[in-house]
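Here is the structure we will look at, set down as structure tokens.
The values are calculated or read from the model by the stated rules, or taken from the named source; none is laboratory data. Worth saying up front: this structure is predicted, and the values here are computed from it rather than measured. With ideal geometry, Cβ positions are generated from the backbone for all residues, glycine too; neighbour counts draw on all protein chains shown.
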């Protein structure tokens with residue numbers, strides 16, 4: 001048994017209880033000591049009671065903790081910057097759910113502050129831990145489908161009610177809540193950063209969030225086209241990576257909230273490989289706690305996640321300025 005790590009949950013919605021909490025409860029040396037939620041659900045109240053954790057409606061009321069402390073930030077998107085900054089100021093290591101923050105300047109500021117304070121920091125892009133995505137990354141690194149020639153992603157559907165549709169909280173529609181996954185996943189899979197972006201939004205500028213749109217990304221000569229819209233087969237997620245000698249497909253089954261199927265076809269269809277979706281939860285938190293305990297760097301630090309913020313911010317900027325190409329990484 002090692003030293004117990006205290007965990008403060010800043011926000012405690014359905015995803016947090018489904019994804020992070022099981023990993024905490026499976027860790028004998030981690031304990032939920034406090035929860036911040038200004039409008040707690042019955043599930044959050046029950047969780048606080050089960051763990052004998054303090055439940056507060058004001059950040060300032062979160063207690064100081066004498067032991068090593070981790071904050072898990074799972075609040076509405078636009079609040080992440082404020083809440084992560086608060087946790088860092090308390091001297092807490094921070095794991096933030098995606099999307100990280102709304103602006104590249106915010107991402108850089110938090111990364112610099114965490115580094116200065118020597119605090120472990122990460123963003124929970126859970127697809128980096130998915131079995132199918134990991135197999136795809138390994139196959140691409142080994143050039144199992146030859147040189148990559150084209151990438152296409154399709155994301156259909158979005159939340160239909162609640163704070164997600166309020167720009168003051170959601171920050172944007174499908175681009176913020178869904179395309180941010182692809183903005184992290186694609187550069188991670190192909191192990192390179194895009195240099196140009198162009199975008200077209202649908203339904204932007206009204207009293208509620210946009211309805212998504214279409215993004216073109218250029219990785220040098222490699223082109224990726226991303227569709228991310230509200231309409232269509234609700235919550236469809238798909239990635240197709242075409243190589244000179246094959247195709248890799250990643251797809252989330254519509255019946256599962258997590259986990260991606262992997263399919264690879266090579267040699268003109270004579271070779272085929274498939275992995276079923278893995279429903280494992282909590283891997284991002286397990287990885288983060290390993291890093292806190294001295295096990296090296298987490299999979300996706302604030303600095304690593306800054307690229308996804310830059311891509312989404314630039315996609316909005318391109319769409320709102322006449323769909324012009326914009327340079328990335330300047």
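If you check 114, 168 for being in a helix (DSSP H, G or I), closer than 30 Å to residue 85 by Cα and touching a strand residue (DSSP E or B) at 6+ places or on another chain (Cβ under 8 Å), only one passes: 114. Filtered by the rule that a residue be surrounded by 22 or more Cβ atoms within 10 Å (Cβ to Cβ) and part of a strand (DSSP E or B), the stretch 121-150 gives 121, 122, 123, 124. Being without any contact (Cβ under 8 Å) to a residue 40 or more places away in the chain and part of a loop (DSSP other than H, G, I, E, B) is the filter here, so list the residues in the stretch 83-102 that pass it. Selection gives 90, 91.
Need at least 1 residues that are modelled with pLDDT of 95 or more and either in the same structural domain as residue 163 (by TED's automatic domain parsing) or over 30 Å from residue 278 (Cα atoms) (or both) per element, so show me which strands (runs of 3 or more DSSP E) inside the stretch 7-82 make the cut, counting only ones lying wholly within it.
Once the strands (runs of 3 or more DSSP E) in the stretch 7-82 are filtered for at least 1 residues that are modelled with pLDDT of 95 or more and either in the same structural domain as residue 163 (by TED's automatic domain parsing) or over 30 Å from residue 278 (Cα atoms) (or both), what remains is 30-36, 54-56.
Only residues that are without any contact (Cβ under 8 Å) to a residue 40 or more places away in the chain and at negative phi were counted across the stretch 251-272, and they come to 11.
Exactly one residue out of 105, 161 is in a helix (DSSP H, G or I), surrounded by fewer than 19 Cβ atoms within 10 Å (Cβ to Cβ) and more than 12 Å from the chain's Cα centre (by Cα): that is 105.
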